[in-house]
Amino acid sequence: MPKIQLKLMAALAALVAVTVLASGYVAERALRARELGLIERSLGERSELVRELVAGIPFEPASTAQLDERARRAAAAAEARVTLLASDGSVVADSDVDPADLVRVENHGDRKEVRAALEGRVESSTRRSETVGRRLLYLAVPLEPGRGVVRLAVNLEEVEAAVADLR
């Protein structure tokens with residue numbers, strides 16, 4: 001086989017490899033974005049249920065037992081982790097944290113989605129939870145001004161598994 005044919009075949013093989021890798025990368029990003037968008041919309045709808053469940057309950061230490069019970073019920077109904085935060089960013093209830101352990105949970109006021117919700121905006125973010133040790137998608141929604149924030153979170157393992165299957 002002449003050298004020119006070998007060079008041409010090598011160039012063609014390289015072009016095919018680059019095309020396959022590029023299309024795989026684009027497909028992976030599109031799948032991840034679509035799945036995250038669907039999850040965010042679903043969390044937004046579920047957050048309305050949680051807001052209704054906690055309506056009228058003050059986000060203060062005296063209401064911790066009642067808020068904890070509502071957070072756990074809401075988490076079961078919403079199939080998501082539910083965190084209730086006071087207007088200063090302190091956690092007053094969390095479906096994944098025992099009420100006695102809340103004193104050890106750090107203030108969440110510096111978290112991107114919580115800051116936005118405290119300013120009256122709905123916001124989401126994705127990161128590893130230091131509290132429960134998993135990668136989560138968070139969505140925080142404001143309550144009435146000065147009252148606090150409802151934050152829902154879902155584990156992203158299923159999305160990551162779908163992306164891994166695509167790869």
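The values are calculated or read from the model by the stated rules, or taken from the named source; none is laboratory data. Bear in mind the structure is a predicted one, so any value in this text is a computation, not a measurement. So basically every Cβ, Gly included, is an ideal-geometry build from the backbone, and we count neighbours across all protein chains shown. The area values use the complete protein model at the heavy-atom level, side chains included, leaving out ligands, DNA and RNA. Shrake-Rupley method; radii C 1.70, N 1.55, O 1.52, S 1.80 Å.
Quick look at the numbers
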{"item": "Highest-fluctuation residue, R51, R104, R135 considered, GNM on the chain with Cα pairs under 10 Å", "result": "R104"}
{"item": "Using alpha-carbon coordinates, inclination of helix 3-54 to the longest axis of the chain, degrees", "result": "10 degrees"}
{"item": "Segment L31-A10, extension gain: residue separation times 0.36 nm, minus the distance between their alpha carbons", "result": "4.4 nm"}
{"item": "Degrees between helix 157-166 axis and first principal axis of the chain (Cα, 0 to 90, nearest 10)", "result": "10 degrees"}
{"item": "Ordering of 90-97, 38-45 by packing [mean C-beta count within 10 Å, highest first]", "result": "90-97, 38-45"}
{"item": "Neighbour net charge for R115 - beta-carbon separation under 10 angstrom, K R +1, D E -1", "result": "-1"}
{"item": "Accessible carbon and sulfur surface of the stretch 39-167 relative to its total accessible area, %, 1.4 Å", "result": "47 percent"}
{"item": "Mean accessible surface per residue for the chain, computed with a 1.4 Å probe while every protein chain stays in place, in Å²", "result": "58 Å²"}
{"item": "Protection-proxy order for peptides 110-123, 52-65, 16-29, each taking the mean of Cβ atoms within 10 Å per residue, highest first", "result": "110-123, 52-65, 16-29"}
{"item": "Convex hull volume per residue in cubic angstrom - Cα atoms of the stretch 22-101", "result": "116 Å³"}
